1. Kirkwood Rh over Cα pairs of the stretch 272-342 into Stokes-Einstein at 25 °C, 0.890 mPa s: D in µm²/s?
2. Determine ³J(HN,Hα), in whole Hz, for all residues of the stretch 289-302 in sequence, where each value follows from phi through the Karplus function 6.51 cos²θ - 1.76 cosθ + 1.60 and θ = phi - 60°; x replaces Gly and Pro.
3. For His234, His197, what ranking results if the residue with the fewest other Cβ atoms within 10 Å of its Cβ goes first?
4. Starting from the amide H of Met335, placed 1.01 Å from N in the peptide plane, find each other amide H under 5 Å away whose residue is 5 or more places distant or on another chain.
5. Taking other Cβ within 10 Å of each residue's Cβ, how do Val67, Val332 sort, fewest first?
6. Work out, step by step, the length gained on full extension between Arg436 and Ala328: first 0.36 nm times the residue separation, then minus their alpha carbon distance; give nm to one decimal.
7. Evaluate E = 1/(1 + (r/R0)^6) for Lys416 and Ala227, where r is the Cβ-Cβ distance and R0 equals 60 Å; express this FRET efficiency to the nearest 0.05.
8. Amide H neighbours of Ala135 under 5 Å, at least 5 residues apart or on other chains, H built in the peptide plane: list them.
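Each reported figure results from applying straightforward, stated rules to the coordinates on display, with no laboratory input. These figures come from a predicted structure and were not determined experimentally. As a convention, Cβ positions derive from the backbone with ideal geometry for all residues, glycine included, and neighbour counts pool all protein chains shown.
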Amino acid sequence: MKRSTSLRFILPVLAAAFLLAALLSTDAPAQSGRVNLKTPTPEPTPTPKAEGPKFVPDPNAEKYRLVFATRYRGRFDYRDADELALIRRSAFDNFAEGLNKSGVEGYRVVTSLKGDPAVVALGTEQFEYAWTETASPDEFNKRGFAGSYAQLSKKGFLLAAHAFLYGYCQTLFADRCDYRDFFLFERRKGDEAPREHTTVDTERGEWRRKGATREEALTDGVNAKRAEGFYPAHFLSKSEIVLEREPPVPALAETGTEVRVVRSSTFWESDDLPKKVNELARQGYRLALADYEIAVMYRRAGQAAPLGYVWLKSSKKDFEGELARLQASGSVFRMTYPDSEGRRRALVFEQGAGAARREYRVLRFELQTREDDSGQFLETALAPASVDAQKELNRLAAEGFAVLALFDADEYKFGKQGKGGERILSEEFGVLLERRR
C-alpha cells in the first residue's frame, strides 16, 4: 500500500524521484525510539521533595494559544535523507520547547496535528512534554515505541497523541518501505509516579482464538484487558491498540457495557470503516475512539436506540453549509478522522443521540515557512491574513466557545513571493469550536 505525507517539515522542494530515493536510502539514520525529553531529567534520590507553593495561573492570561515550531535548523534545498531527518528533528524539538514553555504557565495541549501545530488551553496545573519518532519498514510495527513508552511511563508520562507522518514502498528487486510515526507524551509537572499501560495486537497472535477474525481478536483482547482495569486509549495502527488506566469514555468502565473493535475490511486504500461503524450504530453502538480504518465502539446495557454518524470532509465544496445543516439537525461532533496519509480532513458527527444542542464555529489560519537570511534556519509564522487568529480564538472563547479539534483545511502550497522571489511554504488549518445552547 502506498502512503505519503504533506507534513510541513517534509519540504516538497526536490523532484519526486530524488525525494523518494532519499526517504528510502539505506544510509538514512535510525530514528526508531529516539526520545526527545525537553524537561529536566529527574535526579534519582530516595528523599521526598518538599512541596513548593501551589501553582496559580496568570489571571490575565489568554484562554488559548496556538503553538507551532517557529525557528529550527534547516533549509529548503536539503541534500539527502540524513539532512531531512535532522530538519524534522530540529522542528519537533522547537515545537516541544514551545509546549513546555506554555506548560510552565499552565497550558495543556487540547488538540494537535502530526505534532505541530497545536492548540493549548489555560488551566490550573503545569504540564511537561516529550516526543519520539519511530521508523520501520513495516506499516504495522512501530519499532522502538514500546521501549520509549516504557522508559517515559516510569517517569510519569502518558501518551498524549500519535500521528502517522509518512510511509512509502518502492518495488525494484525487492520491497523497500519506510514508515514514520510521531508520538507526543505528557505529564503533570513534577509528577514522576510511574504510569501503567498495555497493548493488544493481532500481529503476534496473542488474542487469536481459533477461527476468529483480526477484528474479533482485537475485541477479545480489549475486553480481557478491560476486566483488568485497562481501557483503549490510542491506536498504533489498525492492528494494535494502547490501553491505559483512564477510560477515554466513562461508559467503557461500566458493568454491562459491550465493547466492539471495528476494522475496515477493504484493500487498495478503499476505507469502508464509516459503513461498518454505521451498521453497528443502528444497533445502538456509539463511537469511543477512531483512527484510520479502525474504531472502538460501545453499547451500554439496556440502551439500543439507533444512531448514525456523518463524515464531513473539510475539502467538501459546501463545507460551511453542511456544517450549518448538521448543527441545525442536532448533530454532535465526536472526533476528527485521518485519511491514508494521516491528514485529518474529516470531522465525525453523531446523529440521534438526543444531546443538548450545539453551536459550531470554524476558525481558519495559515502558517508560512521561509528561510532566514543565513540560509541555515527555517522560520514559521502566521500568514499576514492570519496574524489575528489567536486573538479571534480568544474572542470566541469569551463568547462561550470551546476548542474541540484542529483539522487539516488545505494542501500545502510552495511558491515565491515578493520582488526577490522569496520562497515560502504555506499550509492552512482549521479549528472547530463548540458552544452549548
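1. The Stokes-Einstein estimate is 184 µm²/s.
2. 9, 8, 9, 3, 6, 8, 8, 10, 10, 9, 9, 5, 4, x
3. Details: His234 20, His197 17.
Fewest-to-most Cβ neighbours within 10 Å comes out as His197, His234.
4. Hits under the 5 Å cutoff: Val348.
5. Neighbour counts put them in this order, fewest first: Val332, Val67.
6. 37.6 nm
7. 0.50
8. Under 5 Å from the amide H of Ala135: Gln31, Ser32, Gly33, Arg143.
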